[in-house]
Amino acid sequence: MIRNRWSTLVLLALLLAIGLVASTHAADSCQPVFDAMSKVLVTPSHVFSTQGAGTRAGAKPPSESIYFGGAIYVKLNDKWIRSKMSAQQMLEQEKENREHGTATCRYLREEVVGGEAAALYSAHSENEGVKSDGQVWISKKGLPLRQELDIDVGDPSKIHHSLRYEYGNVQAPPV
């Protein structure tokens, strides 16, 4: 039960990160970000995430996720589990978030991330009382390379997430 709850929390954090800029009301400048955050769900990828303290006391341990073959795998307590939520279900959730939220994005500049050229975008979104502000670096291949995200769930504290995306040699982990 605890593992299932922790798995749900990790997936929620990733869903919030992926849905960072989810809105049909967004300016055209959000389209590259929407496309990248959708594309990562259907591309074999390994996502490394850390949750900083923000204004909450203490940081959470790092987490990892793998998207492979339509499945989502999450590493908890050094053990990989397959999520009950598929990549397709997450895409559908992202679509729903876009329909019910608002977002604005702005292209900032070109930067290099891990030796790869990337377009840097800032993004702000609001959905059902949750506000998020962040930056996402998108490769020339249209995939996110890095993301920094501050989430405000309405209480006096905020949560900071840092995500790093890798695409080489990704395999489904043993579960």
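The values are calculated or read from the model by the stated rules, or taken from the named source; none is laboratory data. This is a predicted model, so every value here is computed, not measured. We place every Cβ from the backbone using ideal geometry, glycine too, and count neighbours over all the protein chains shown.
Annotations for the structure displayed:
- Some residue of region 16-34 being modelled with pLDDT of 90 or more, out of contact with any Pro (no Cβ under 7 Å at 6 or more places or on another chain) and in a helix (DSSP H, G or I): yes
- Of everything listed in (1) crowded, with 18+ Cβ neighbours inside 10 Å; (2) modelled with pLDDT under 85, the single unmet condition for Glu96 is (1).
- Yes/no for Arg164 being surrounded by fewer than 20 Cβ atoms within 10 Å (Cβ to Cβ) and basic (Lys, Arg): yes
- Here the condition is being assigned to a strand (DSSP E or B) and in contact (Cβ under 8 Å) with a residue 40 or more places away in the chain; of Gln171, Gln135, Gln147, Gln93, it holds for Gln147 alone.
- Any hit, region 144-154, residues being more than 14 Å from the chain's Cα centre (by Cα) and at positive phi: yes
- Within region 144-161, the set of residues being surrounded by fewer than 17 Cβ atoms within 10 Å (Cβ to Cβ) and among the aliphatic types (A, V, I, L, M) comprises Val153 only.
- Note on region 99-118: residues that are buried (at least 19 other Cβ atoms within 10 Å of the Cβ) and among the aliphatic types (A, V, I, L, M) total 2.
- Residue in region 153-166 that is farther than 29 Å from Gly70 by Cβ, in contact with a strand residue (DSSP E or B) (Cβ under 6 Å, 6 or more places away or on another chain) and not in a strand (DSSP E or B) present: yes
- Tally, over region 72-90, of residues that are in contact with an Asp or Glu (Cβ under 7 Å, 6 or more places away or on another chain) and under 12 Å from Leu41 (Cα atoms): 0
- Here the condition is being modelled with pLDDT of 95 or more and of a type outside the set (Phe, Trp, Tyr); of Ala103, Ala118, Ala87, Ala57, it holds for Ala118 alone.
- Residue in region 120-130 that is surrounded by fewer than 19 Cβ atoms within 10 Å (Cβ to Cβ), of a type in the set (A, V, I, L, M) and within 23 Å of Glu96 (Cα to Cα) present: yes
- Number of positions in region 132-143 that are surrounded by 15 or more Cβ atoms within 10 Å (Cβ to Cβ) and among the charged types (D, E, K, R): 1
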